[in-house]
Amino acid sequence: MFEIEERGGLGRRALWTRGDRSLTTPLVLFVQEGPRAAPSYAEALFVSERTEDPRLQIRHGGSFFAPRPAAHPDDLPPTKGTPLSLEGLEIPQEVVAGDLAIVTGESDLPSAKSAQAIFLANGPEFERSPREFVAMVRSVRETLGPSTVVAVTGLATPSNLSVLVYAGIDIVDSSRMILDSARDRFHTADGAVPAADADRNACGCPACAASEDLRAHNEQALYREMLLVRSHLLHGRLREHVERRLANAPWNTAVVRHLDLRAYELVEPYTPVAGGAMLAYAQASLTRPEILRFRRRIRERYAKPPSARVLLLLPCSARKPYSASRSHRRFRDAIWASANPSAVHEVIVTSPLGLIPRELERFYPARAYDIPVTGDWSHDEAAIVAEDLQAYVAVNRYDAVVAHLGAEAPIVKAILPHAILTAKDRPTSDESLASLTRSLTEATGSLSRVAGGVRFAEEMSNVARFQFGDAGLGLSKGATFRGRFPDVRMIRDGRQVAMHTGRGMLSLTLEGGAILSDADAYWVEIEDFIPKGNIFAVGVADAAPEIRAGDEVVVRHRREVRAVGTARLNPREMIDLERGEAVHVRHAMPASP
C-alpha cells in the first residue's frame, strides 16, 4: 500500500505499508553484509542472507546464472544478469516474486504490472546514460502508474540523491557507498574527493566525530541527504534543492534537462497548480514545469479583456503581488490620472514567466516566485519575453502599445518597434510617471469610455477561463460581483457560484460545481455515497484528465453533484491509489434525513 503525503516533480514523500510496517519514502536500503551490522539509524536493509534483525530486510535473489530462489515475501527474484545493452535478450526468467519485481528493461514492464514495488536492474549503467535513465523512468510511470514503488540500486550518492528522487525513484541502496569507500572516495552532498584530500575534522558528521572508518562516514552522508530531501519534499522545496545540486555533476544537470525538455508531458501532471514561494534563481528555473505551464496557459487559455484598447507593458517588482509594491502603486496612480484608465490593459514583463496580465498576478506561480531583481537580462530570459510577446500580440489586438519599462525596453522595442516608450530614466521617477500619464491620455482620449464595472467583469471572466479553461466562461457568464478585491463573490441568478480570494483562484460553491459538471470539466466521479468529510482515493471511480493537485474540482456520482473541494492528487493517482486524500471537501450536499 502506498499513500502520498507531499510531492516534488515525480518525487514524493509517502508512506509505504509492507506487512505490519509503514516506511517513509524516499528510503535508503542499507546493505548488510558479513559480520558488519548495518548502521543503527538504518530504517530498512538490503541483504543477501536474512538475519535476526527486526528491521525490514529486502533480500536480493542473485542472477539467472546463480539464483537464490525466493522463499519470503520480501525476497526479490533473480535478475537476468545482463547489461542494459542486452535487455531484450530472451532469457526464461520470471521478473516477479510475490509482489516484488526486478526489471532489466522496458520489455519486462508488462510482466511487472502485478508488483507493488519494482527494482531497476543495472543501476550503475545509468550513470553513463542519463537519457536512458529518464526514458526508463518514463516507461515505468506510464506503464505501471503512480501506485508502484520504484527502486534503483548501485546508483545513489549524497550528491545525486535529490535528482533521483525528483525523477521518481522512491528507494535507493547504499551499495555505491561501500564500493566508493573501498576506492577511498570521500562523499559529501557536493560530490566525492579522494579520502586523502578530505578534511574529516571539518565534516562534523557523527562518524567523523567518532573517528569511524570511511564507509561509516559515506553511509552517514547518504542518510543525512535522504533526511534533507524528505524535509524539502515536506515543505514543497525539492526543486530548489535539486537546482542547488546540479553543479555537483553533469549527470544531475542532464537528468533534469531531459525531464524538463523531453518529459514535460510526464512531469507536469504531477506538478501542483498551487504552492508556496518559488525561488527561481538558477538557469534551470526557466524550464520548471510550473513556469512552462503558466506560459502555455497564457497562449492557450487567455485573451485580453474585450474593452481593453491600449496595452501597457510594465516591469515586475520584487514584492508580490505586484500591486502591493510601491512602484506599482505609483504606476496605477499614473494610469488612473489618464483620460480613460479602464481602456488600459496592464501586462507585466518578467523573467521567468514572460508576460503576466494584471488580473492574473495572484495566480500561482505569479504571486509566489522570487528572482534577483538587478535589471540584467540573460540571453535566454530575453528570448522568453520576446517569444511570448510576439505570440501574445499576434492574437490580442490593441490600438496602441505603451511600454513603461527599464532594462526590458530594448527587448520589447525589438519586437514592437511601434511601441511608445515612456520611461525617461527610472520608471518610477516623477518625470517618467508624468510621461506615462500623458501618453495614456493621448492613446485613450479619443476612445469610448469604458465603465469600471464592465472591465472588472471581463477580468474576472479571464481568471475563470485561465483556471478552468473554456468551461470557466460558464461560471462568469451573466455574473455579478460583490465584495472588495481580492475577496469577491461571483453571483449568478441570485446565487453564489464561486469566490475569488487572495490566492488568485476561484473557490467553487455547489452551484458553481454544477456548472462545471454540466460542462464536463474538472470532475471527480465517486462511488455511490454522500461525502461526510474529505474524499479518499479508495472512493474515486474516475477523474477528469485536466485536474492537477491544487485545482478546484466538483465531486459527482452519475452527474449528480455531491461536493466541491480542492484536488490533492492528479487523476491517475486518484484512480490507481488505494490510500490517501483525493479531494479536500469544502462544501458537500446534505445527507438525506
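We did not get these values from a lab; they are worked out from the coordinates using the rules stated. This is a predicted model, so every value here is computed, not measured. Positions of Cβ are generated from backbone atoms using ideal geometry, with glycine treated the same way; all protein chains shown enter the neighbour counts.
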Notebook entry, point to check: Stretched out fully, how many nm does the piece from residue 379 to residue 324 gain, at 0.36 nm a residue minus the Cα gap?
Noted result: 16.9 nm
Margin query: At a 10 Å Cβ-Cβ cut-off, how would you order 578, 3, fewest neighbours first?
Written below: 578, 3
Next item on the list: Hey, for a label at residue 15 modelled as a point 7 Å past Cα toward Cβ, could you say which residues of segment 574-590 have their backbone N under 19 Å away?
Entry: 574-585
Check: So for the chain: antiparallel DSSP bridges make up what percent, rounded to the nearest 5?
Finding: 60 percent
Checklist line | R0 of 60 Å, Cβ-Cβ distance residue 184-residue 449: FRET efficiency to nearest 0.05 | finding: 0.15
Check: With contacts defined as alpha carbon pairs under 8 Å and 6 or more residues apart, what's the relative contact order of the chain in percent?
Finding: 10 percent
Margin query: Need the list of aspartates and glutamates near residue 424 for cross-linking: C-alpha distance under 15 angstrom, and skip anything on the same chain fewer than eight residues off.
Written below: 408
Next item on the list: Using packing as a proxy for protection, rank 19-27, 364-372 so that the peptide with the highest average count of other Cβ atoms within 10 Å comes first.
Entry: 364-372, 19-27
Check: On a 0 to 90 degree scale, rounded to 10, what angle separates helix 130-144 from the longest Cα axis of the chain?
Finding: 90 degrees
Next item on the list: Answer rounded, prolate or oblate for segment 373-427, using the Cα gyration tensor with square roots of eigenvalues a ≥ b ≥ c: rounded when a/c is under 1.5, else prolate when a/b is larger than b/c, else oblate.
Entry: oblate
Notebook entry, point to check: Nearest 0.05, what FRET efficiency do residue 395 and residue 473 give at R0 = 22 Å with Cβ-Cβ as r?
Noted result: 0.85
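Between residue 52 and residue 430, what FRET efficiency comes out of the Förster formula 1/(1 + (r/R0)^6) with R0 = 56 Å and r the beta carbon distance, rounded to 0.05? Can you show the working numbers first?
On the way: r = 80 Å, r/R0 = 1.43.
It comes to 0.10.
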Margin query: Give me the one-decimal nm value for the distance between modelled label points at residue 336 and residue 129, 7 Å along each residue's Cα-to-Cβ direction.
Written below: 6.3 nm
Check: Under a plain spin-label model, where a point goes 7 Å from the Cα along Cα-to-Cβ, how far apart in nm are residue 196 and residue 413?
Finding: 6.0 nm
Check: So how far, in whole Å, is the C-alpha centre of segment 179-228 from the one of segment 13-54?
Finding: 21 Å
Next item on the list: Pull out a ≥ b ≥ c, the square roots of the eigenvalues of the alpha-carbon gyration tensor of segment 465-588, then state rounded if a/c is under 1.5, prolate if not and a/b is larger than b/c, and oblate in the remaining case.
Entry: prolate
Checklist line | the chain: mean projected area of Cα convex hull, nm² | finding: 31.6 nm²
Item checked: Built amide H within the under 5 Å cut-off of residue 186, gap 5+ -> 193, 195
Notebook entry, point to check: How large is the helix-only mean residue ellipticity at 222 nm for the chain, computed as the sum of -39500 (n - 2.57) over DSSP H runs with n ≥ 4, divided by its residue count, in deg cm²/dmol to the nearest 500?
Noted result: -9000 deg cm²/dmol
Checklist line | Table column - 3J(HN,Hα) (Hz), segment 582-591, Karplus curve with 6.51, -1.76, 1.60, x for Gly and Pro | finding: 8, 9, 8, 7, 9, 10, 10, 5, x, 6
